[in-house]
Amino acid sequence: MITAAVAAVALLIPQQLDQIVKDGTPGVEAHANGHNYAKGNAPTNGRVRIGSITKSFVAVTTLQLVAEGKIELDGPVGKYVPRIKDNRITVRQILQHTSGLPDYPRGIGVTKIGDIRDVHFEPHDLLDVAFRNEPSFQPGERWEYSNTNYVVAGLMIQKVTGRPVAEVVGQRVIDRAKLKDTYWPKQGERTIRGKHARAYALSDLADPKSKVVDATELDPSSAWAAGAMISTPQDVAKFYKTLLSGGLLPQKQLDEMRKTVPIDDRTAAGLGLESTKLSCGGVYWGHGGSIHGWASLGGATDRREAAITLTALPGTTSDQARTFQQMFDVIDTALCKK
């Protein structure tokens with residue numbers, strides 16, 4: 001039986017996706033409460049690069065190891081990653097972006113896709129670049145997003161388990177959540193397996209007047225544990241629903257994951273998880289992800305789940321602020337509409 005709420009969402013979301021495409025984005029696909037949608041050049045539930053949503057998977061894996069007594073959440077991360085010399089920096093601060101470690105992407109030239117598309121980076125290469133800069137602030141002083149934190153988290157997982165982080169995340173999270181279309185690309189793998197759209201980006205993300213190029217194929221090692229994974233909107237939504245329902249972590253570690261520090265008036269940061277206020281009251285828990293050619297947003301409440309991906313970063317062929325707001329509006333509709 002189709003409820004009034006389901007019917008309303010089924011009507012509204014396609015309209016919202018249509019508007020995103022009309023406003024210049026090549027394509028958009030979404031999942032909301034068991035239903036898939038697609039407009040423009042995007043196939044229904046096609047595979048996409050999920051960028052920083054990868055961080056949620058890495059954080060869950062880390063907290064599983066915390067639950068098993070293999071990692072100390074409030075202990076020094078340098079115990080597991082000796083490159084981190086400041087023993088004040090804890091595992092929690094790494095996962096919550098309160099460590100003060102400087103962000104590495106601009107240092108490797110990530111703004112220009114032509115400079116990194118075919119380059120393979122080792123994780124320690126990324127740390128080398130980050131550590132050319134001084135810490136952004138003292139550990140625990142405040143919140144500031146830094147991809148370097150999750151390179152450190154990936155190395156920590158490898159040190160503790162003795163296995164590649166991709167394998168560990170695959171077995172502990174992807175397999176356990178039964179995500180059939182989610183994977184961590186193999187070393188050197190630049191294509192996307194299976195059904196997917198073409199994705200587009202500015203040739204120079206720092207120059208809004210630079211030409212638009214096809215960004216579908218690239219070596220994701222520049223993102224590694226901070227953003228290399230590939231999934232679908234349906235799998236992303238299922239992941240967050242499974243996580244919040246207790247399918248991936250013991251309650252104690254799930255509670256730790258949801259202890260937050262404020263980002264802005266609408267959003268707060270947990271451990272690889274963010275809470276965002278909804279128009280209907282309360283919050284949803286999830287994460288966003290951006291990488292050349294793709295922008296994603298996904299999350300869940302205790303009753304509903306949703307995810308959306310665009311086949312171009314906002315600002316590539318559309319107004320950046322408006323498009324990001326449109327993405328949130330789709331999630332809000334899926335999780336709030338009654």
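The values are calculated or read from the model by the stated rules, or taken from the named source; none is laboratory data. These numbers come from a predicted model, not from an experiment. Cβ placement follows ideal geometry from the backbone for every residue including glycine, while neighbour counts extend to all protein chains displayed.
Observations
Yes or no, residue by residue, for (1) on the phi < 0 side of the Ramachandran plot; (2) of a type in the set (S, T, N, Q); (3) out of contact with any strand residue (DSSP E or B) (no Cβ under 9 Å at 6 or more places or on another chain):
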site	(1), (2), (3)
GLY40	no, no, no
GLY46	yes, no, no
GLY51	no, no, no
LYS55	yes, no, no
THR61	yes, yes, yes
GLN64	yes, yes, yes
GLU68	yes, no, yes
ARG83	yes, no, yes
ASN87	yes, yes, no
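- With respect to being touching a residue at least 12 places away in the same chain (Cβ under 8 Å), crowded, with 24+ Cβ neighbours inside 10 Å and either of a type in the set (A, V, I, L, M, F, W, C) or part of a helix (DSSP H, G or I) (or both), LEU63 fits the description.
- Within the range 150-186, the set of residues being in a loop (DSSP other than H, G, I, E, B) and within 30 Å of THR25 (Cα to Cα) comprises LEU179, LYS180, ASP181, THR182, TRP184, PRO185, LYS186.
- Counting the residues of the range 99-120 that are closer than 14 Å to GLY293 by Cα, buried (at least 17 other Cβ atoms within 10 Å of the Cβ) and either in contact with a Gly (Cβ under 9 Å, 6 or more places away or on another chain) or small (Gly, Ala, Ser) (or both) gives 2.
- Residues within the range 37-74 that are of a type in the set (Ser, Thr, Tyr) and closer than 14 Å to MET257 by Cα, tallied: 3
Yes/no per residue for (1) surrounded by fewer than 18 Cβ atoms within 10 Å (Cβ to Cβ); (2) of a type in the set (Ser, Thr, Tyr); (3) at pLDDT 95 or above:
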| site | (1), (2), (3) |
| --- | --- |
| THR3 | yes, yes, no |
| ALA8 | yes, no, no |
| GLN19 | yes, no, yes |
| GLY46 | no, no, yes |
| GLU68 | yes, no, yes |
| GLU72 | yes, no, yes |
| VAL77 | no, no, yes |
| VAL81 | no, no, yes |
| VAL91 | no, no, yes |
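- Scope the range 187-210; condition touching an Asp or Glu at 6+ places or on another chain (Cβ under 7 Å) and not in a loop (DSSP other than H, G, I, E, B); matching residues: TYR200
- Taking every residue in the range 143-164 that is over 17 Å from GLY270 (Cβ atoms) and pairing it with any residue that is of a type in the set (Lys, Arg) and surrounded by fewer than 24 Cβ atoms within 10 Å (Cβ to Cβ), at least 6 positions away or on another chain, the pairs with Cβ-Cβ distances below 6 Å are VAL160/LYS70.
- Matching residues, the range 211-228, being buried (at least 16 other Cβ atoms within 10 Å of the Cβ) and either of a type outside the set (A, V, I, L, M, F, W, C) or in a strand (DSSP E or B) (or both): VAL213, THR216, ASP219, PRO220, SER221, SER222, GLY227
- One residue alone among ASN87, ASN41 is buried (at least 16 other Cβ atoms within 10 Å of the Cβ) and of a type in the set (S, T, N, Q), and that residue is ASN41.
- All positions within the range 186-227 that are touching a Phe, Trp or Tyr at 6+ places or on another chain (Cβ under 6 Å) and within 26 Å of VAL168 (Cα to Cα): SER221, SER222, ALA225, ALA226
- Tabulated pairs, the range 15-34, first within 14 Å of ARG198 (Cβ to Cβ) and in contact (Cβ under 8 Å) with a residue 60 or more places away in the chain, second part of a strand (DSSP E or B) and hydrophobic (A, V, I, L, M, F, W, C), C-beta under 6 angstrom, 6+ apart or interchain: THR25/LEU310; THR25/ALA312; PRO26/ALA312; VAL28/LEU310; GLU29/ALA38
- Number of the condition not met by GLU134 [criteria: (1) closer than 29 Å to SER99 by Cα; (2) surrounded by 15 or more Cβ atoms within 10 Å (Cβ to Cβ)]: (2)
- Residue satisfying all of: in the range 310-331; among the hydroxyl-bearing types (Ser, Thr, Tyr) and assigned to a loop (DSSP other than H, G, I, E, B); surrounded by the fewest Cβ atoms within 10 Å (Cβ to Cβ) among these: THR317
Matching residues to (1) crowded, with 22+ Cβ neighbours inside 10 Å; (2) within 26 Å of LEU73 (Cβ to Cβ); (3) out of contact with any Phe, Trp or Tyr (no Cβ under 8 Å at 6 or more places or on another chain); (4) not β-branched (Val, Ile, Thr):
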| site | (1), (2), (3), (4) |
| --- | --- |
| PRO233 | yes, no, yes, yes |
| ALA237 | yes, no, yes, yes |
| GLN251 | no, yes, yes, yes |
| THR260 | no, yes, yes, no |
| LYS277 | no, no, yes, yes |
| GLY293 | yes, no, no, yes |
